[in-house]
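Shown next, in structure tokens, is the structure this report addresses.
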Amino acid sequence: DAAPHVDPNPVDIFGMVERTAEFMKDAVKAKDPFFAQLSFNALHYPGNASLKNLNDVKGRLGKANEKTLGRAALTQDLDEGIAELLNSLQELGVADNTFVIYMSDNGAKPNAGLLSGGKGDVWEAGVRVPMIVRGPGVKAGSVSRVPVVGYDFFPTFLEWAGDEGELPDGLEGGSLADLLSGASEVVERPYPFLSFHF
């Protein structure tokens with residue numbers, strides 16, 4: 001549970017990163033491939049931000065409500081945690097052959113008319129989320145505007161792992177491997193649309 005964790009480990013960001021770094025270290029030492037998923041819950045607890053980043057944000061943003069300042073500070077805390085995780089991959093010597101995917105699970109609340117809708121619906125603000133991928137064959141600084149969805153990762157992971165078996169019937173996703181490597185601008189899926197289940 002993220003809620004009890006406060007400065008110097010706001011919402012367990014740094015604790016999660018530390019435990020993951022140990023897990024990766026053990027896997028690398030054993031020469032085992034590894035998968036880790038860190039489901040950060042940071043922005044749900046703006047009151048838990050680190051004092052260092054809260055003071056920094058207040059200095060830059062000036063007057064704003066406490067929730068906005070806390071979320072901005074927690075975003076910096078999260079950035080620092082991700083940087084620590086990436087540094088661990090570098091120190092372990094596996095940064096060049098490890099995929100790192102950063103994304104959110106859903107959009108935010110309605111946002112002053114910039115995008116339609118918000119969390120909990122299928123309008124753009126509800127389903128559009130950030131996604132950054134780094135890894136073998138993914139060109140640094142490249143950008144794609146092809147719509148993708150979280151369930152595309154299952155067939156993507158299978159392809160990256162070298163699995164050549166048949167995909168399960170009814171699978172909605174398609175592999176992103178060729179899109180991420182720049183070999184294609186299309187994601188082949190069983191259906192020509194994205195499905196959002198709510």
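With respect to (1) surrounded by 13 or more Cβ atoms within 10 Å (Cβ to Cβ); (2) touching a residue at least 24 places away in the same chain (Cβ under 8 Å); (3) more than 18 Å from Phe193 (Cβ to Cβ), the lone exception for Leu158 is condition (2).
Scanning the stretch 24-51 for residues that are without any contact (Cβ under 8 Å) to a residue 24 or more places away in the chain and part of a helix (DSSP H, G or I), which turns out surrounded by the fewest Cβ atoms within 10 Å (Cβ to Cβ)? Out of the qualifying residues, it is Lys29.
The set of residues from the stretch 88-104 being open to solvent by less than 50 Å² (accessible area, probe 1.4 Å) and in a loop (DSSP other than H, G, I, E, B) comprises Val94, Thr98, Ser104. Cβ separations smaller than 8 Å between residues 6+ apart or across chains give the following pairs from the stretch 90-101 residues that are without any contact (Cβ under 8 Å) to a residue 40 or more places away in the chain to residues that are open to solvent by less than 60 Å² (accessible area, probe 1.4 Å) and not in a loop (DSSP other than H, G, I, E, B): Ala95/Leu86; Ala95/Leu89; Thr98/Leu89; Val100/Leu85; Val100/Leu86; Val100/Leu89; Val100/Val133. In the stretch 122-139, the residues that are on the phi < 0 side of the Ramachandran plot form Cβ pairs under 7 Å with partners that are of a type in the set (Asp, Glu) and modelled with pLDDT of 85 or more, at six or more places apart or across chains, as follows: Pro136/Asp96.
For the stretch 110-122, the criterion of being more than 21 Å from Asn9 (Cα to Cα), of a type in the set (Val, Ile, Thr) and surrounded by fewer than 16 Cβ atoms within 10 Å (Cβ to Cβ) is met by at least one residue. Among the residues making up the stretch 120-173, those that are closer than 14 Å to Ser104 by Cα, out of contact with any Ser or Thr (no Cβ under 7 Å at 6 or more places or on another chain) and part of a loop (DSSP other than H, G, I, E, B) are Gly120, Arg128, Val148, Val149. Kindly establish whether Phe196 is open to solvent by 70 Å² or more (accessible area, probe 1.4 Å) and outside any loop (DSSP other than H, G, I, E, B). In short, no.
The residue that is farthest from Glu172 (Cα to Cα), counting only those in the stretch 130-142 that are within 16 Å of the chain's Cα centre (by Cα) and open to solvent by 40 Å² or more (accessible area, probe 1.4 Å), is Arg134.
Do we have Val187 as open to solvent by less than 70 Å² (accessible area, probe 1.4 Å) and within 17 Å of the chain's Cα centre (by Cα) here? No; evaluated as a whole, the condition is false for this residue.
A quick yes/no check of all residues on (1) assigned to a helix (DSSP H, G or I); (2) loosely packed, with under 14 Cβ neighbours inside 10 Å; (3) at pLDDT 95 or above:
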residue	(1), (2), (3)
Gly59	yes, yes, no
Gln76	yes, no, yes
Leu86	yes, no, yes
Asn106	no, no, no
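The values are calculated or read from the model by the stated rules, or taken from the named source; none is laboratory data. All values derive from a computational prediction rather than experimental measurement. Don't worry about glycine lacking a Cβ; one is built from the backbone with ideal geometry, like all the others, and counts go over all protein chains shown. Surface accessibility is based on the protein's heavy atoms, side chains included, excluding ligands, DNA and RNA. Shrake-Rupley method; radii C 1.70, N 1.55, O 1.52, S 1.80 Å.
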